[in-house]
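Reviewing the structure listed below.
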Amino acid sequence: MAKTILEVENLKKYYIQPGGIFTPFKGAKRIIPAVDDVSFYIKENETMGLVGETGCGKTTIGRTLLKLTPVTAGRIIFDEKDITQLTPHEFLPFRRQVQMIFQDLDAALNPKMRIRSILKEALTVHHRLSDAEINREIGELLEKVNLKKSKLSNFPGELSGGEKRRVGIARALAVGARFLVADEPTSALDVSIQAQVVNLLKDLQKNLGLSYLFISHDLRIVELISHKVAVMYLGQIVEMGMAGRIAHEPRHPYTSILWSSLVEKKSRETTKVSTDSKKGTWGVFDFERPHTGCRFAPRCPVYEAKGKPSICNEPSKAPQLQDIGDAHKVRCHFPL
Ligand SMILES: Nc1ncnc2c1ncn2[C@@H]1O[C@H](COP(=O)(O)OP(=O)(O)OP(=O)(O)O)[C@@H](O)[C@H]1O
Ligand code: SF4
Ligand SMILES: [Mg+2]
């Protein structure tokens, strides 16, 4: 049976922002529970998709896994070690194995370095290699990510989006990654190139035994690559299970709405209405005005259809992530 490579237990990451004088909170500190008690595990050779609309906490989870930001609470166990407790001595070997493919294609690669230098730097950051070894390793990397040798003399700005993505993946492999956090790796790419990147990641997984946390707001892309999927809403996982079940038999009202592909559009429209009307009502997606009870209630069609049952609002009865069988979990009092 495949080994668990990553286990996240009750992870919390709260951002604390000083209140500005022009905000409605004048001077008061604001706490943003960007990740609020999240648990999951990923096995070797496995991909977990993480979906949810903008601002729900996906990147924050990715950043905590790389120790790019300290956690507020919880444990992150990578290869049997709690990385929140790593000594400086243990940090470098860990960082070699866990790499992030960043959302922003351009910010991820140094624009002043040629591709050869970018890959060379990654190869030699933890190892001393001769020129001949570097050339051989670079050749192998290009083959793995299917990038032409002629691109080595280019600067990142001279590459297409898909090529930049391939260089980013090659760089992660060069360092020695076993686990990749891929943060929206297809978001800035044309649809045909998106499929190429997904297929590349799948091939690399098959050939090198990599594990992925694949972050996206697009459930369709996530279903293509993931074995299992976690759906996030306002810092919490609201549904989690095998990719096929989440895609074709969603049980949480939010997942169902995500699938209808209307959520982004609806969210924009409703946000505009609530901002315009200045009634101080709930924003549709708002960490700053947390809802008591179920966080999704202000947008939930089931809550509306059932005549706003009080159990959905009561702070003491906030829904928990319940196992409903077949490794499927849902955070809802009235699953679909
Ligand atoms: N450094 C920070 N300081 C304060 N708040 C932050 C910081 N980074 C993120 N946040 C807030 O935490 C919440 C989660 O942000 P995060 O970037 O994890 O969302 P996301 O799901 O990755 O969104 P997107 O799909 O837009 O990339 C947001 O409300 C964001 O504004
Ligand atoms: S608990 Fe109630 S409000 Fe929350 S998702 Fe379920 S039905 Fe909707
Ligand atoms: Mg993000």
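Key figures for this structure:
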{"quantity": "Globularity ratio of region 129-174, using Cα Rg and 2.2 N^0.38 Å", "calculated": "1.11"}
{"quantity": "Efficiency of FRET between residue 97 and residue 292 - r from beta-carbon atoms, R0 51 angstrom, step 0.05", "calculated": "0.80"}
{"quantity": "Point-to-point label distance, residue 304-residue 259, nm (Cα→Cβ direction, 7 Å offset)", "calculated": "1.9"}
{"quantity": "Virtual spin-label span in nm between residue 316 and residue 129, 7 Å along Cα→Cβ", "calculated": "6.2"}
{"quantity": "Calculated [θ] (222 nm, deg cm²/dmol) that DSSP helices of n ≥ 4 give over the chain, each run adding -39,500 (n - 2.57)", "calculated": "-10500 deg cm²/dmol"}
{"quantity": "Most fluctuating residue given options 128, 299, 165, as computed from a GNM of the chain linking Cα atoms under 10 Å", "calculated": "128"}
{"quantity": "Span from the region 155-179 Cα centroid across to the region 70-105 one, whole angstrom", "calculated": "21"}
{"quantity": "Once the Cα gyration tensor of region 14-160 is diagonalised, semi-axes √(5λ) in Å", "calculated": "36, 21, 16"}
{"quantity": "Sorted by Cβ density within 10 Å, fewest first, the residues 229, 145", "calculated": "145, 229"}
{"quantity": "Tail weight of P(r) past 24 Å, computed on alpha-carbon pairs of region 103-214, percent", "calculated": "18"}
{"quantity": "Restraint check, 13/43; 144/206; 3/228; 144/202, Cα-Cα greater than 20 Å", "calculated": "13/43"}
{"quantity": "Dipole in debye (nearest 20) - region 4-248, about Cα centre, beta carbon charges: Lys, Arg +1; Asp, Glu -1", "calculated": "520"}
{"quantity": "Added length on full extension, which subtracts the Cα-Cα distance from 0.36 nm per residue, residue 114 to residue 44", "calculated": "21.9 nm"}
{"quantity": "The chain: most fluctuating residue of 227, 126, 252 per GNM, C-alpha cutoff 10 Å", "calculated": "126"}
{"quantity": "Full-stretch length increase - residue 121, residue 12 - with 0.36 nm per residue and alpha-carbon distance subtracted", "calculated": "35.9 nm"}
{"quantity": "Contour excess over end-to-end distance, with Cα ends at residue 29 and residue 249 and 0.36 nm allotted per residue", "calculated": "75.1 nm"}
{"quantity": "Estimated FRET transfer efficiency (residue 193, residue 104; beta-carbon r; R0 22 Å; 0.05)", "calculated": "0.85"}
{"quantity": "Karplus-derived HN-Hα couplings along region 181-198 (A = 6.51, B = -1.76, C = 1.60, θ = phi - 60°), whole Hz, x at Gly and Pro", "calculated": "9, 9, 8, 6, x, 10, 5, 9, 10, 5, 4, 5, 6, 4, 5, 5, 5, 4"}
{"quantity": "Label-point separation in nm, residue 73 to residue 327, each point 7 Å along Cα→Cβ", "calculated": "2.9"}
{"quantity": "At 0.890 mPa s and 25 °C, Stokes diffusion of the chain via Kirkwood alpha-carbon radius, µm² per second", "calculated": "114"}
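Readers should treat all values here as calculations from the given coordinates under stated rules, not as data from a laboratory. Everything quoted here is computed from the prediction, not taken from an experiment. Here the Cβ is made from the backbone with ideal geometry for all residues, glycine too, and neighbour counts use every protein chain on show.
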